[in-house]
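Just so it is clear, none of the values below were taken in a lab; they were calculated from the coordinates. Worth saying up front: this structure is predicted, and the values here are computed from it rather than measured. Cβ: placed from backbone, ideal geometry, glycine included. Neighbour counts: every protein chain shown.
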């Protein structure tokens, strides 16, 4: 039976970020729709963010860099909030649920929980 250790949240976050990075490569068109229109080169932003997620996942997997990885995850995920805050300005013209006021609120809440998860990894210090 698997056991929960102090490293489990960090390893779970690493797997989550790794899978999210793969999703960026598998479904780039979707992720480009999340990039605010005022930012240049959405395709490059999506690719770079995927690479950043892979790098942060790597930091989280190794115990010696886990705390740094936690802080990197906090910074990365907080940076993604820009996309969700920008979407809040356009809820009146939403064509999909994630872009409605409720959808944007959900996106912000979920990503705030991800930041809290990363901060818990930092606090655990393992």
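On a 0 to 90 degree scale, rounded to 10, what angle separates helix 66-88 from the longest Cα axis of the chain? It is inclined by approximately 10 degrees. Grab the Cα-Cα distance for residue 32 and residue 113, subtract it from 0.36 nm times how many residues apart they are, and report the gain in nm with one decimal. Full extension from residue 32 to residue 113 adds 26.9 nm. Helix 42-61 and the longest principal axis of the Cα set of the chain meet at an angle near 20°.
Extension gain for residue 19-residue 55 works out to 11.7 nm (0.36 nm per residue, less the C-alpha to C-alpha distance). For the chain, the longest principal axis of the C-alpha atoms and the axis of helix 8-26 are separated by about 40°. Considering only alpha-carbon pairs that sit under 8 angstrom and 6 or more positions apart, the relative contact order computed for the chain is 30 percent.
With 10 Å bins beginning at zero, the pair-distance distribution over Cα atoms of the stretch 19-126 amounts to 15, 41, 33, 10, 1 %. Descending by average beta-carbon neighbour count within 10 Å, the peptides 55-61, 88-94, 117-123, 40-46 line up as 55-61, 117-123, 40-46, 88-94, the highest first.
With a Förster radius of 25 Å applied to the beta-carbon distance between residue 95 and residue 39, the computed FRET efficiency rounds to 0.80.
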